[in-house]
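Encoded as C-alpha cells, the structure appears first; notes follow it.
No value in this document is a laboratory result; all are computed from the given coordinates. Here the structure is a predicted model, which means the values were calculated and not measured. Here Cβ is always computed from backbone atoms with ideal geometry, including for glycine, and neighbour counts include all displayed protein chains.
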Amino acid sequence: MKEMIYQTVCPGCNIGCGLYVRENEEGTLAVDFMKSSSANLGKLCRFGMKLPYHYSKATSMVDGKEADIETAVKAASDKLKGAKNMAMLAVGATTNEEHLAFTKIADALGIVVNTGIGAYEEIPSECHSSISQGIPLDDIEKASRIALFIDPYVQYPLLVRRLLAAKKNGATIVSLACQDLNLADENVSVNPADYKTELGLDDNSMIITDVHPHTDPEQVKNLLNLALMTGAKIMFMKPFVDSTGVHLFGKTAGQMGLQEIMDGINDGSIKTLVTLNSDLLELMPNTDEAAKTLEKLDNLIVMTSRDSPVNEMANIVIATEPLYAKAGSFMNVEGQVLNNSGESTVGIDAMSTLSQNLGGEASDFQTIHNKMMESVLQKYTAPKYSELECKVMETAAPSEDGGNLVSVYNPFMWCDQTDDNDFVIVNMTMVDKLGLRKGGMISLTSDAGSVNMRYTVRDIPDGLILTMKKLPVITGNTTEVKAEAV
Amino acid sequence: MVEVGDMLVGYATDENIRSRGASGGLVTAVLAAALEKGLVENVVVMKHINEFEAVPIITDDVEEVLASTGSLHSVPVNLAKYAMGRKVAMPAKPCDAQAVIEQGKRGMIDLDNTYVVGLNCGGSMHPVTTKKMLIEMYDIDPEDVVGEDIEKGKLIFKTKNGEEKAIAIDELEEAGFGRRESCRFCTLKIPVNADLACGNWGVIGDLAGSATFCQVMNEKGAKLLGNAIDAGRIEVQPASDKAIAIRAKVNSVMEDLGNTLEKEIFPDIPDEERMQYYMEQMEDCIDCGACKEVCPVCACGDDAKCTMFHSLVDNYKMSMYHMVRLLHLSDSCIGCGQCSDVCPSDIPITLLQSRFAIPSQRRRDYKPGMNLDTPPFFEVMLK
Amino acid sequence: MTEEEWTPKIVAFCCNWCSYGGADTAGMGRFQQPASTRVIRVMCSGRIDPLHVFNAFLEGADAVLVTGCHIGDCHYVNGNEKTQVKYEFLEEMLLQLGLEPDRLHLNWISASEGERFANFINDVTAKVKELGPSPLKPAGVR
C-alpha cells in the first residue's frame, strides 16, 4: 500500500485548523502542515501536533466480543426496536453529515439528539443564534479592545496569534481569565455586575468567551447582556470540531445537558443511551462517578471513530472509520464549512442502515451533504434579544485550609489525553501558606478522593488552584479542596 | 557525454511535458527518467492541490511525477525530511539541498543514493499572504491565477485570460507582503550544493521561457543528467558565454539584495537589552514543539535533549527547550524559515535562531549544508 | 536577607581527578573562600553538557564555572578537549543571549592547585557581586 495523504481538520476545538494526515505503508500516522488553510495558516497547537496519538482506530463489539460492523448495526437495531426511555447524545465531535445521519435515527425513534450543552435550555432561544453564529477570526485582529474570558494559551492556542496581531494593530486586551495572561494589557478581576462600567467596551470591541457542556448559563447571559449594552461583538469559542455545525443544523430546543443525561440515568428515566463520538467518561469531570452512572444503563450503544474508554463499557460498539478518512465537512467557529478530502462513508452507511431498520429514512452522503450546503447558504438572522435576567453569580470563598480547584478546559482535557500537564498551578501566597517546598508535592482532598500533584507557581488569584488535567478529586467546574504540603 | 562543471541549456523532448512543466520541463523529465531507468526507487514531488497549495508525496509512479507541479513560490515547505531512509531523486531549493546534506552528515539520509536536482530560488511566499496580496496589491482574484514568476526584481502573476501583472518585490515587501522573512536575507540563490543546479536564469533568445539552464555540480549530477539524455527524455546544448554571464549577474544582484536586507532585518541590539529582547520574543510560546518537528536539519527524533529535559511544570524565565535549541542549532541552522512558518504564536523563531547561528558560523568560516568536508562542529573529531 | 548581605550563588562543575582535588586542596589549605559555592563533581569535564549549565542558571545560579584537568592531563585521553569545543559554543550562545560574560567561566585546575582554585572562586564572587543576581534567576529564589 502507498502512503495516503488526507486533508482534514483538527478535532481539538472548533477553530478548524487545517492539516494533512499522512498514513504510511505500515499505518503509522503523522501530521503535516497545510499552510494554505486560512484559519491557521497550517500552524498547529500542542494538541494538533499530538494528533497521531489521538486518532486511534475503534473496533466494533457486541456484548464484549469483537464483531463486524454489520453485526453490530443489526444488534443495535434489535436493541433499539421498541426500546423505551431512550436518549441520544452527539456533542459535535464528528462531521456535519454524520451528525445529520444520526439525527435521522433520532427522528425514526421520535426523540431528539442532545448536543450536551445544558446552558442552551436556560438561555432564551432568541439568543441562540448569537451563540452559534460564525464570526471571522480576522475580525479579532480588527477589534480596538478585546475582553477575554478564556485563557487562549491553554484553551484555544490558535487564538494567540490573532490576539497578538490585534495588539499590533493597536488593540488593547483586557483579560478576565483565571490566570494572568502575558498578552493582555490589563489582567483584571471584575464582578459581573460591574462588567459594563469597568471593562471599557464599545461597538468596536470584541468579547471572547466560550460555551461548552459545563458552562454556567448565568455567565453566558451576563456576557450577552454586556454585548447588548456596549454594542461589542461577542464570539463564543466552542470545544468540539463541529460544535458550530451541530447547533446550526440540529434542534436546539428540548436539549439535555451532559449533567441532565447523567441525572436521567441515575433516576432511571434513561435506560438506553446511544452516543456518536461522545464519550461521557471523558466528557464528565469525574470519570469514576460517570462510570458508575453508565453501569446503570440497560443498553449503551456507542458509535465512534475512536478507541476511547467508554467502548469497554458499551453493550454495542459500532466502529466507524477514523475522523480524517471520513467523507464530510465541519463548520468552524467562523461559520466556514471545511471539507475533509477523505471519501469513506462507512459511518453514514451504518447509520443509514440503522435508521432504515428502525423504520426511518435512509441517508446517503451526497444527499445529506447537498442539503446541508443549501441550508448554509441561508443568511443568518441578525441576532436580536433584549436584556436578560441574571442571577447574582456567587463564587464560593475558599475555606481556610484549602482552595478552589478550577478546571481549565482544553483539548487534552476534553478527551482525557495524556500530556505534560500532570501538575496544578498555585500562587506564591499558597506556597508560603502551605509551606510547599521546591520539587515537592501538594496533596488535594475533596469529597471524591485525594491526590498528590506536582505544582508550579504563577500569578493567579488567592485561593485558586488550576488544573489542565482531569483529576480524580474533581466534582465540577470548581471543586472545593483541602490542600496540604506533602 | 555529460561532465562535472558543464553548463548546459536543455528541455524535455516530450512536447507535453515541455509546454506544461516550468521552463521547458527539464527537471520533471530528469526526475521521471531517474525513476524509469531504476536510478532511484522513489521520487519526492509536490502534488498539486491548487495554485496555492501542494503537498510533498513520495512516489514510484512516473505519471505522478509528470503530473506534479512546477515551481510554486507560495508553497514554502522543506523537502529534506521526506527523503529520509529512501533511495530517491528530488527537486530542491537551495535550502532543501542544504538540509539534505546536513541530514547526510548525521547519517539520516544516504547521500550516495539521493539525487538532488537543485532549483534556483529568489524566495518563497506564504500562500495566505499571497492570496491577500493578490487581492489588495494586484487586484486579481486568487482563483484566476495560473502562473507566477520572479524576474528582474519583480513578482509576476499570470491569469486565466492570459494577462500578466508585475510589481516590484521591494514595493510588495514594504507593504508587508512578498517573500517570507527568511528568504529576504538568504544569499544562496543558485543551489551549487545540489547535484544539478537548474533554473531559468540565463535562458535567453528563442529558448527563453521554454528551457532550463543546468549546471552539473558533481559526479552524481552527471550521472543523473546523462541518464535522462540516454533515456531520451531531454535534449541539452552548451550554454553560451552570454547566458552564463547573465545567470551570474542575476545571482549577484540577488545576493547583494540578501546582504543588504540582512543588515536591515538584524539590527544590533545592545548587550544589556538582548536578554530582555529574547525573553519578550519567546513569552508567548505555547510549547507545541512544532518548530522542532518541522526543522529540516534536526536529526534527533523523539528522544531529543530539547524536549526530554523540558517540562511545562518548570517555572523558568526562559524555556529549556528554546535554550537547548538555540545552542544546538548554532552550527547547523540554515535559516530556511520553516520554524517561523509553523509557529502558532507567530514568534519569528528563524530570526532568533539566526542571531545565534549566523555569527557562530561566520566566525568559523562555515556554511552548513554546502558539502561534506566539515562535520557538524559539535561532533568534531579529535586527533 | 538585606541587599548588603547578598552573596552570589556559584555552581562549580569539577572533574573527579583534577579540579575536584583542587577544591579539596583549597579546603585543606584553609584558603579563604565564600561558602556560597556549590561544587558538583563529575568524572570528567567532558561529561558536562551545556544542558547542565542552562539548568544551573535557570534554577537560580548567579555564575557557573566549568573546570577540569589541564589540557593534556585528562584521565580519559581527550575529555577536556571535547569540553573546550562545547564550551566555545556555549559561551558564544550565552553572550548572544545577553548574559554577562563574568557569569560563565572555564578554568583548568589541577589537584595540587588549591590556592588557584580559591583565588578563582574569590575573583568570580567579587565580579558577580557587582553584577547582582542573574537575570535568569526564577522568582522566589534568592
Q.
Using Cα springs under 10 Å in a Gaussian network model of chain B, which residue among B:Thr187, B:Thr260, B:Thr350 shows the largest mean-square fluctuation?
A. B:Thr260
Q: Report the residue, chosen from C:Ser45, C:Ser36, C:Ser110, that carries the largest GNM mean-square fluctuation when chain C is represented by alpha-carbon nodes joined by springs under 10 Å.
A: C:Ser36
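Which whole number gives the average, over all residues in A:16-28, of C-beta atoms from other chains lying within 10 Å of the residue C-beta?
1
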Q: List every DSSP H helix in chain B whose Cα atoms extend 20 Å or more along the helix's own long axis and whose mean Kyte-Doolittle hydropathy is at least 1.6.
A: none
Q: Once you've got the Cα coordinates, tell me which of B:Lys131/B:Lys160; A:Lys391/A:Lys470; B:Lys81/B:Lys223; A:Lys433/C:Lys9; B:Lys93/B:Lys165; B:Lys81/B:Lys105 are over 18 Å apart.
A: A:Lys391/A:Lys470; B:Lys81/B:Lys223; A:Lys433/C:Lys9; B:Lys93/B:Lys165
Q: Compute the label zone of A:Glu186 within segment A:112-154: residues whose backbone N is under 13 Å from the point 7 Å along Cα-to-Cβ.
A: A:145-148
Q.
I want the antiparallel fraction of DSSP beta bridges within segment A:283-441, as a percent rounded to 5.
A. 40 percent
**Q.** GNM flexibility winner over chain B from B:Lys249, B:Lys160, B:Lys132 (Cα, springs under 10 Å)
**A.** B:Lys160
Q. Using the eigenvalues of the Cα gyration tensor, what equivalent ellipsoid semi-axes result for chain A when each is taken as the square root of five times the eigenvalue, whole Å, largest first?
A. 35, 27, 23
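Rounded to the nearest 500 deg cm²/dmol, what is the calculated helix-only ellipticity per residue at 222 nm for chain A, with -39500 (n - 2.57) per DSSP H run of length n ≥ 4?
So the helix-based figure for chain A works out to -7500 deg cm²/dmol.
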Q | Within chain B, helix-based [θ] at 222 nm, where runs of 4 or more DSSP H residues each add -39,500 (n - 2.57), nearest 500 | A | -10500 deg cm²/dmol
**Q.** When segment A:134-237 is reduced to its Cα atoms, the Kirkwood hydrodynamic radius in Å
**A.** 13.5 Å
Q: Return the Cα extents of segment A:402-485 along principal axes one, two and three, sorted largest first, each rounded to a whole Å.
A: 34, 26, 21
**Q.** the protein assembly as shown - share of DSSP beta bridges that are antiparallel (%, nearest 5)
**A.** 50 percent
(Q) Taking every pair of distinct Cα atoms and averaging 1/r, then inverting, what Kirkwood hydrodynamic radius in Å comes out for chain B? (A) 21.7 Å
Q) How about chain A: what cysteines have no other cysteine beta carbon under 4.7 Å from their own? A) A:Cys13, A:Cys45, A:Cys127, A:Cys178, A:Cys390, A:Cys415
Q | DSSP-assigned coil residues among GluC sites (Glu not before Pro) in segment C:58-142, each with at most 12 further Cβ atoms within 10 Å | A | none
Q) In whole Å, how far is the Cα centre of segment A:227-288 from that of segment B:197-233? A) 61 Å
**Q.** Cα-based Rg and Dmax for segment B:127-178, where Dmax is the largest Cα-Cα distance (Å)
**A.** 10.1, 29
Q: Mind ranking A:47-59, B:213-225, A:222-234 by how tightly packed they are, going by the mean number of other C-beta atoms within 10 angstrom, highest first?
A: B:213-225, A:222-234, A:47-59
Q) Which lysines, on any chain, are close to A:Lys65 with Cα under 24 Å apart, when same-chain ones fewer than 8 places away are left out? A) A:Lys57, A:Lys74, A:Lys79, A:Lys81, A:Lys271, A:Lys292, A:Lys296
Q: Could you give me the percent of Cα pairs per 20 Å distance bin for the protein assembly as shown, shortest bin first, beginning at zero and ending with the bin that holds the maximum distance?
A: 12, 38, 35, 14, 1
Q.
Give the average, rounded to an integer, of partner chain Cβ atoms located within 10 angstrom of each Cβ in A:264-277.
A. 0
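Arrange the peptides B:90-102, A:67-79 so that the one whose residues have, on average, the most other Cβ atoms within 10 Å appears first.
Peptide ranking by packing, descending: B:90-102, A:67-79.
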Q) Where the convex hull is taken over the Cα atoms of segment B:65-113, what is its projected area averaged over directions, in nm²? A) 3.6 nm²
Q. What is the mean number of Cβ atoms from other protein chains located within 10 Å of the Cβ atom of each residue in peptide B:353-362, rounded to a whole number?
A. 2
Q: Measure of size requested: the Rg and Dmax of segment B:22-177, with Cα atoms as the atom set and Å as the unit; please supply both.
A: 16.7, 49
Q) Any idea how far apart C:Val77 and B:Asn161 come out in nm if each label point goes 7 Å out from Cα toward Cβ? A) 7.5 nm
(Q) Starting from a Cα-only point model with no solvent, please compute log10 I(q)/I(0) by Debye for segment B:244-383 at q = 0.20 1/Å. (A) -1.37
Q.
Take B:Val192 and C:Arg47, extend 7 Å from each Cα along the Cα→Cβ direction, and tell me the distance between the two endpoints in nm.
A. 4.6 nm
Q. Computed on alpha carbon atoms, what radius of gyration and Dmax characterise segment C:1-85, expressed in Å?
A. 14.1, 47
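Report, as a whole number in µm² per second, the diffusion coefficient that Stokes-Einstein gives for chain C at 10 °C and 1.306 mPa s using the Kirkwood radius over alpha carbon pairs.
On the way: Rh = 15.2 Å.
Once the numbers are plugged in, D ends up at 105 µm²/s.
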Q. So, by mean Cβ neighbours within 10 angstrom, what's the order for A:239-250, A:326-337, A:445-456 with the highest one leading?
A. A:239-250, A:326-337, A:445-456
**Q.** Label-point separation in nm, A:Ile135 to A:Ser56, each point 7 Å along Cα→Cβ
**A.** 3.7 nm
